[in-house]
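Visitor: One structure coming up, written as C-alpha cells, with questions to follow.
The values are calculated or read from the model by the stated rules, or taken from the named source; none is laboratory data. This structure is a prediction, so every number in the text was calculated from the model and none was measured. Please note: Cβ atoms are built from the backbone with ideal geometry, for glycine as well, and neighbour counts cover all protein chains shown.
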Amino acid sequence: MIIPVRARTALVIITMIAGIVACRHDALEDLVPSSAPGSVNVDPSTVPYATLSEYGLFQGALASLDPHPEVLPYDVITPLFSDYAKKARFVWMPSGSRASYAGDHEVLAFPERSVLIKTFYYDHVQPGDGRKILETRLLIRANGEWVSATYVWNAEQTEAYLDMTGSNVPITWMDEQDQMRNVTYRIPAGAECFTCHKQSGVTIPIGPKPRNLDRVFNYGEGDVGQLEKWVQHGYLEPGYPASIDRVTAWDDESEDLSDRVRSYLDMNCAHCHGEQRHCDYRPMRFAWELTADPVNLGLCVEPDEQILPFDAYIVSAGNVDKSMMHYRISSTEVSERMPLLGRTLVHQEAVDMIADWILQLSPPCN
Amino acid sequence: MNRCAPFFLLLAATALSSNATAQSTCATATPLQPGLFVVPDITGPDVPSPDCSLNNQLADHGEWYVYTATQDAQVTVSTDLPINSGIDTRIQVYTGTCGNLTCVAGDDDGGAGTLSFLQFAGEQGETYYIAFDDNWDADGFTAQLLLSPLSTSTIGFTTQNISATGSVYALVDMDFDQLDDIVAVSQTNINVLYQQPGGGFSSVNYPTTPADYPASWSLAAGDIDANGHMDLLYGGGSGVTFMKANNDGTGFDEVSFPNYVFSQRSNFVDINNDGHLDAFVCHDVAPNVYFLNDGNGNLTFHQGGLGDTQWGGNYGSIWIDYDNDHDIDLFIAKCGADPVNQLHRNNGDGTFTSVGPLVGLDQNVQTWSCAWADFDLDGDMDVLVGASSGQHKLMRNDGVMGFTDVTAGSGYDTFGATNIEHAAHDFDNDGYVDVFGGGEIIMQNVGNMTFNPVSVSIYNGAVGDMNDDGFLDVLNGNFMRVNNGNTNNYLKVITHGTVSNRNGIGARVEVISALGTQIRDVKSGDGFRYMSSITAHFGLGSDSAVDQVTVFWPSGIVNVVENPPINGTLEIIESVDTDVADLVAPPSLSVHPNPADDRLVVNGSGIASGNEVRIIDLDGRVVSTRRIQDGQVDISSLAGGTYFIEVFTPGSVLKQMFMKR
C-alpha cells in the first residue's frame, strides 16, 4: 500500500546562476593579417594577438618560418614526443634585454616581452607529400607572467589564428621508414596547455633549461654551442657555468642506456610527475637531477593504482611485462596511456629502449 | 637465502601428498585432496583457457588437477608458501567439461610477491578443474588446497563469463523492467545485455555514430527525457558525449558538445531541482562543467559555480544529502596539486555554498572517489575518504557538529591498499554498508564504524544485481562476479519519479526494520568510473519484516509504504494525493547566505514569521533569542564566528550550523 504524503506544498522552480564560460570566440574571417614589416611587435598589454603574423616573428611567406633577424632558432637535446610531429623552435627577446642563468635545471630567467615559439608540423603529408604546419604555440612573458597562446594554421598555410578551444586534425603522412601512418593530431585547448605548463598553479615553460639547451646547433655556418650563440646574440648573460649537468640525447645509441632513459623520462614525464605539478601525488620524480636515484624512476616501487590484473612495480627490474611504466607508455587507451596528454600513438622506438633498459636491470624486485 | 631448506620442504610435501604427477592435460587431470601437492615444471600441452585471472593472456602450457567437492565449503587454492619465494605462478579454476570450461576463479599475484592465492565457494558434488599455467614462469612449485567452512560473515563471488562488445561499464536497468542490465560501450556501439525474468541475458547491440568523445573516463546513465529508455553520458578525455535513447528504444542518438572537458566522474542529477535530470562532469584540469535540461531532454553546457579551481583536480563527484534537508548536495573528491576535497551544500534555492571547511570535510587527501553511506545507522551520511595515494580517512557525520575523523581503530587506519574506486554497497545484506576499494578486498562493515578486510579475489567494478537474488554482484569486464549470497534478507526499492525526474535520482529512501533505520540517496554515478545500479538496495540481516519505507522525493513529495513484502523489489511511484492529510515531514532547516553578514535567511518545513529562534555558540551558550521576520533572522549583533541556530516550530525544533562573518 502506498500512502502519498505531500510534505512541501510549494515546488520551487529554481534557476542556476550560470557560470562564466571562459572561452574565446574569434571571428576569424574578419581578421586581416597585418604583420609589421621590419620589427617584432610584442605589446604585453595586448597579447595574445589574433594572428601569428601580427608579431612579425617571421619574414617572407609565413609558412617558410624564416625568422626575423632578431629571432633565434634553437633546439633541445631530447624533445617531448608529440605523435611524431616535427617541431621548429625559436626564441625572441627585446633588444637590450637578455635571459640569465638560474641553475642547470631551472628555466632561464627570461626578460619581460620574451617569446618562446614552437611550431608543429609534419612532412610528407598525404595527399601531396608536402609539409603541413598545424599549430604554433607561443609563451609570452607579459607583465611578469607567462601567457600561453596557440595559433592554428589555415589550410592555405598563409596564416595562423589564435584558438584556445582545442581541435583534432586527421593527418596521413609517410614516415622516415616510408611507412604510411595516420594520426588524429590534437591541438590542445588552453586548459590542456596549462595542465603540463604549470607549477603551483602558475604558467611556466618546460624546455629552456640549461641542461636541455647545452648542445650544438647549426646556424648555417656549422655546429656551434647553442648557449654560446645565445650569448653572442645578446640573449643570454655571459658567465654561466662552463660545465652543465646536461641531459643525454635519448636516441644517441652511443650513450649510456640508463642516461638515455632518464633523459627521455625527464622531457616526457617530469612536467607532471614533479613537485607541485599536475600528478605530483604519485611516487615518481622524473626530473633529470632526481633520477640518479632509481627509486625516483619507480624501480621496485609499487604503483598506487594497479591497473594491470596482476601486481606490477612501476619498474620491475628484469621484467618488462610486470612494469607499469612499460604498460602505460605502450598503451593507447585514453585513461591508461602515459603521457596522458600530447600523445595518441605509441612511441615505439622509446618503448623499445625502455624495454631494453628494464631487461638489463637487476636484481629482481622480489 | 638458504636454498637447502626449501628443497627439504619440497621433499616433505611430496612425501605427504599423493597428488604429484607428470605432465598432464584437462582430460588426465590429477585428482586432488585437501593438502599440499607438488606441481612439476609446467610442460603440459593443454593450455588453460579461458584465462580467469583477468590478465587476458593465454599461456603456453598447463598442469591440470581436478577436485570434486565432498561438502559445501570455502575452497582455497594457493601457491603463497614461503618455499615458493621468487616464483611467478598463475592459477585457473573451472567448471564444465574439458574443452568447454567456464571460469570459477583465477589469480595471478594474489599472494606475496608474484605468488597466487584464490578462494571460491565449493558446492558439494561439483567438479572443479584447477590448472596452473606458465604465463610467467615454467618452474615447478608446491601448492596447497584447503577447505574452510562457508559462513555468513564471508563475502564471496563466483565467476561467470559473458560476451559483451565494448568496454563493460554499467550494471543498471536500461528498460525499466526492474532488472539490472549489463552495458558495454565502444566508440561506435552500445551493447546491452538485458537481464531476463527468471535469469540470463538477451544481448542487443545498438550501432551508434562514432562518438566524438568515447567513454574513456566514466559512464553515467539516466532517463533525461523521461521516455522510459535510459540515456548515457560518455566522460571522454577531451569532451562529453551523450547517447540519447530514442522513444521506441531501438537506438541511440549522439549529442556531443564542442567544449573541451577532461572528464572524470560523471553523474546524472537534477541540479536545479526543476524535475528534469541534468548532468554533471568533473573536469580534471579546469572548473567543473554541467549540462542543464530544458525539460525536453535538450541540454545546455555550463561551466562555473560548482567547483571552480582554475586548474581542476576534480575526480570523484557524488551527489548525496549530507545535511538531511532533502535536497541533494555535491561532494567532490579531489586530487593533484590542490587536493582539498569540496562539499557544496545545496541551499534549496538553486544556489550552492562551499562548506567543506565549515563541516570538517576539507581533508587534504589525494582521492579519486569517496564512498558515502550511513555506516553507523544513525540517520546521516558518513564518508570514507578513500585514498588514491596516502592514507584513507573515515569521517563520521555528527549532524550539526560536522564530521569527525574516526579513522583510528576503524580498520582503515591499518588498510593500506589505495585505489581510484571507492564505492559503498551492502555486499552481505546485513544492513551495514560495506566499501569496495582496492586490493581485491571488500571492507566489511561490522558496526561501530569498524571495517574488516575480506579478501574477495575480484576487482571493483559496476555493482548491481545480475541475477535478481537480492545480493549485489560486480562486473569485471567480461566476467560476472556473482555474489554467493547468504541467508540474510533484503529489500530493493526502485524510485519511479513522476513530478521529480523519472529515475528518482536525488531521492532519499528510508527503510525501518528491527535493526534500525537505513537510508540511501538514489544516485547515478558513484565510485570513479563505472555506472552502478540506481536501485536502492537494503540488506536486512535476519529481520523478517520491514515496518516502513519512506521516499523523500526531490520535489518535496513524501511517499510512505508500510509493511511491504521483503526479499523482492518494491517500486514506489511518486504520487500526490491531497485527500490524505498532510503529515509532518522530517524536520529540516536550511540557512543562507553562509557565511552571513547581518541577516540569515531561513527555510524549512513549518517555518513562519514569529517562530522563536535561539542562537547558540560552540560552547553551548545561548547568545541571542529572536523571532523570524519575513523569513529572516537579524544577526547583526553577533560577533564573527560559528553558531548553531535553533528554530522552534509547532511540533519540532530545527537546528543548523552557520557562520557569521
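Visitor: Would you confirm whether or not the range B:147-161 contains a residue that is buried (at least 17 other Cβ atoms within 10 Å of the Cβ), at pLDDT below 90, within 14 Å of chain A (Cβ to nearest Cβ) and farther than 30 Å from B:TYR194 by Cα?
Guide: No, the range B:147-161 contains no residue that is buried (at least 17 other Cβ atoms within 10 Å of the Cβ), at pLDDT below 90, within 14 Å of chain A (Cβ to nearest Cβ) and farther than 30 Å from B:TYR194 by Cα.
Visitor: State whether one or more residues within the range A:182-203 are more than 14 Å from every other protein chain (Cβ to nearest Cβ), surrounded by fewer than 17 Cβ atoms within 10 Å (Cβ to Cβ) and not hydroxyl-bearing (Ser, Thr, Tyr).
Guide: Step one: filter the range A:182-203 for residues more than 14 Å from every other protein chain (Cβ to nearest Cβ), giving A:182-183.
Of the ones still in play, those that are also surrounded by fewer than 17 Cβ atoms within 10 Å (Cβ to Cβ) are A:182.
Now restrict to residues that are not hydroxyl-bearing (Ser, Thr, Tyr): A:182.
Checked the range A:182-203: at least one residue is more than 14 Å from every other protein chain (Cβ to nearest Cβ), surrounded by fewer than 17 Cβ atoms within 10 Å (Cβ to Cβ) and not hydroxyl-bearing (Ser, Thr, Tyr).
Visitor: Of all residues in the range B:117-137, which are among the small types (Gly, Ala, Ser) and either farther than 18 Å from B:CYS26 by Cα or surrounded by fewer than 17 Cβ atoms within 10 Å (Cβ to Cβ) (or both)? Step through it out loud before you land on a result.
Guide: Step one: filter the range B:117-137 for residues among the small types (Gly, Ala, Ser), giving B:121-122, B:125, B:131.
Residues satisfying the conditions are B:ALA121, B:GLY122, B:GLY125.
Visitor: Scan the range B:511-531 residue by residue and report those that are among the small types (Gly, Ala, Ser) and over 15 Å from B:GLY464 (Cα atoms). Step through it out loud before you land on a result.
Guide: In the first step, residues of the range B:511-531 are kept if they are among the small types (Gly, Ala, Ser); the result is B:513-514, B:516, B:524-525, B:527.
Hits for the range B:511-531 are B:SER513, B:ALA514, B:GLY516.
Visitor: Sticking with this structure for a sec: May I ask you to list the residues in the range A:86-106 that are out of contact with any Asp or Glu (no Cβ under 9 Å at 6 or more places or on another chain), in contact (Cβ under 8 Å) with a residue 40 or more places away in the chain and surrounded by 20 or more Cβ atoms within 10 Å (Cβ to Cβ)?
Guide: A:VAL91, the sole residue that qualifies.
Visitor: Going through the range B:285-306 one residue at a time, which ones are closer than 19 Å to A:GLU192 by Cβ and crowded, with 24+ Cβ neighbours inside 10 Å? Don't jump to the end; show me each part of the working.
Guide: Step one: of the range B:285-306, the residues closer than 19 Å to A:GLU192 by Cβ are B:285-289, B:301, B:303-304.
Within the range B:285-306, B:VAL285, B:ALA286, B:ASN288, B:VAL289 qualify.
Visitor: Tell me whether the range B:248-259 contains one or more residues that are touching a Gly at 6+ places or on another chain (Cβ under 8 Å) and either closer than 24 Å to B:LEU193 by Cα or away from every other protein chain (no Cβ under 14 Å) (or both).
Guide: Narrowing the range B:248-259 to residues touching a Gly at 6+ places or on another chain (Cβ under 8 Å): B:249, B:256-259.
Keeping just the survivors that are either closer than 24 Å to B:LEU193 by Cα or away from every other protein chain (no Cβ under 14 Å) (or both) gives B:249.
Yes; the residues of the range B:248-259 include at least one that is touching a Gly at 6+ places or on another chain (Cβ under 8 Å) and either closer than 24 Å to B:LEU193 by Cα or away from every other protein chain (no Cβ under 14 Å) (or both).
Visitor: Quick check: anything in the range B:180-193 of a type outside the set (A, V, I, L, M), part of a loop (DSSP other than H, G, I, E, B) and touching a His at 6+ places or on another chain (Cβ under 8 Å)? Spell out the reasoning first.
Guide: In the first step, residues of the range B:180-193 are kept if they are of a type outside the set (A, V, I, L, M); the result is B:180-181, B:186-189, B:191.
With the extra rule that they be part of a loop (DSSP other than H, G, I, E, B), the set shrinks to B:180, B:186-188.
Subsequent filtering for residues that are touching a His at 6+ places or on another chain (Cβ under 8 Å) retains none.
Scanning the range B:180-193 turns up no residue that is of a type outside the set (A, V, I, L, M), part of a loop (DSSP other than H, G, I, E, B) and touching a His at 6+ places or on another chain (Cβ under 8 Å).
Visitor: Among the residues of the range A:204-242 satisfying the criterion of being within 30 Å of B:SER263 (Cα to Cα) and in contact with a strand residue (DSSP E or B) (Cβ under 8 Å, 6 or more places away or on another chain), which is surrounded by the most Cβ atoms within 10 Å (Cβ to Cβ)?
Guide: Taking the range A:204-242 first, the residues within 30 Å of B:SER263 (Cα to Cα) are A:204-207.
From the residues that got through so far, the ones that are in contact with a strand residue (DSSP E or B) (Cβ under 8 Å, 6 or more places away or on another chain) too are A:204-205, A:207.
Numbers: A:ILE204: 17, A:PRO205: 17, A:GLY207: 21.
Applying the filter and picking the extreme gives A:GLY207.
Visitor: While we're on this one: Confirm whether B:ARG481 is basic (Lys, Arg) and either over 23 Å from B:TYR530 (Cβ atoms) or free of Cβ contacts under 8 Å to residues at least 12 places away in the same chain (or both). Show your work before the answer.
Guide: Values: basic (Lys, Arg): yes; either over 23 Å from B:TYR530 (Cβ atoms) or free of Cβ contacts under 8 Å to residues at least 12 places away in the same chain (or both): no.
The answer is no for B:ARG481.
Visitor: Let me ask you something else. Determine whether A:TRP230 is aromatic (Phe, Trp, Tyr) and farther than 25 Å from A:PHE110 by Cβ.
Guide: Values: aromatic (Phe, Trp, Tyr): yes; farther than 25 Å from A:PHE110 by Cβ: no.
Criteria not met by A:TRP230.
Visitor: Here's something else I'd like to know. Between A:ILE187, A:ILE206, which is touching a residue at least 40 places away in the same chain (Cβ under 8 Å), under 30 Å from B:ASP308 (Cα atoms) and assigned to a strand (DSSP E or B)? Full working, then the answer.
Guide: Working: A:ILE206 fails: assigned to a strand (DSSP E or B).
Answer to the selection: A:ILE187.
Listed here are the residues, each with its yes/no results for (1) among the aromatic types (Phe, Trp, Tyr); (2) closer than 24 Å to B:SER369 by Cα; (3) at the interface with another protein chain (Cβ under 9 Å from one of its Cβ atoms).
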{"residue": "B:PHE262", "(1), (2), (3)": "yes, yes, yes"}
{"residue": "B:PHE268", "(1), (2), (3)": "yes, yes, no"}
{"residue": "B:ASP274", "(1), (2), (3)": "no, no, yes"}
{"residue": "B:VAL285", "(1), (2), (3)": "no, yes, yes"}
{"residue": "B:PHE291", "(1), (2), (3)": "yes, yes, no"}
{"residue": "B:ASP294", "(1), (2), (3)": "no, no, no"}
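Visitor: Sticking with this one: Identify the residue in the range B:201-216 that is more than 14 Å from every other protein chain (Cβ to nearest Cβ) and among the polar types (S, T, N, Q) and, among all such residues, is farthest from A:SER335 (Cα to Cα). Spell out how you get there, then give the answer.
Guide: Quick first cut of the range B:201-216, residues more than 14 Å from every other protein chain (Cβ to nearest Cβ) only: B:201-209.
Within this subset, residues satisfying the condition of being among the polar types (S, T, N, Q) are B:202-203, B:205, B:208-209.
Details: B:SER202: 30, B:SER203: 27, B:ASN205: 24, B:THR208: 22, B:THR209: 22 Å.
Checked the range B:201-216; the qualifying residue farthest from A:SER335 (Cα to Cα) is B:SER202.
Visitor: If you go through the range A:159-181, how many residues are more than 9 Å from chain B (Cβ to nearest Cβ), touching a Phe, Trp or Tyr at 6+ places or on another chain (Cβ under 8 Å) and part of a strand (DSSP E or B)?
Guide: Residues flagged as more than 9 Å from chain B (Cβ to nearest Cβ), touching a Phe, Trp or Tyr at 6+ places or on another chain (Cβ under 8 Å) and part of a strand (DSSP E or B) within the range A:159-181 amount to 9.
Visitor: Right, here's the next one. Specify the residue that is farthest from the other protein chains (Cβ to nearest Cβ); the eligible residues are those in the range A:268-295 that are of a type outside the set (Ser, Thr, Tyr) and over 27 Å from B:PHE528 (Cβ atoms).
Guide: A:ALA292
Visitor: Return the residue satisfying two criteria in turn: it lies in the range A:314-334 and is under 22 Å from B:ASN460 (Cβ atoms) and surrounded by fewer than 21 Cβ atoms within 10 Å (Cβ to Cβ), and of such residues it is farthest from the other protein chains (Cβ to nearest Cβ). Working first, answer last.
Guide: Initially, the range A:314-334 is screened for residues under 22 Å from B:ASN460 (Cβ atoms), giving A:314, A:322, A:324, A:327-328, A:331, A:333-334.
Going one step further and asking which of them are surrounded by fewer than 21 Cβ atoms within 10 Å (Cβ to Cβ), we end up with A:327-328, A:331, A:333-334.
Numbers: A:TYR327: 12, A:ARG328: 14, A:SER331: 11, A:GLU333: 7, A:VAL334: 3 Å.
Among them, the one singled out is A:ARG328.
Visitor: Now a separate question. For the range B:571-588, indicate whether the set of residues that are more than 7 Å from every other protein chain (Cβ to nearest Cβ), in contact with a helix residue (DSSP H, G or I) (Cβ under 8 Å, 6 or more places away or on another chain) and at pLDDT below 95 is non-empty.
Guide: No, that holds for no residue.
Visitor: Further question: Restricting the search to the range A:274-305, which residues are in contact with a Phe, Trp or Tyr (Cβ under 9 Å, 6 or more places away or on another chain) and among the polar types (S, T, N, Q)? Outline the logic, then answer.
Guide: Within the range A:274-305, the first condition is being in contact with a Phe, Trp or Tyr (Cβ under 9 Å, 6 or more places away or on another chain), and the residues that meet it are A:274, A:278, A:296-305.
Across the range A:274-305, the qualifying residue is only A:ASN296.
Visitor: Please note which strands (runs of 3 or more DSSP E) are completely contained in the range B:361-423 and include at least 3 residues that are within 25 Å of A:GLN306 (Cβ to Cβ).
Guide: Of the strands (runs of 3 or more DSSP E) lying wholly inside the range B:361-423, those with at least 3 residues that are within 25 Å of A:GLN306 (Cβ to Cβ) span B:369-373, B:382-386.
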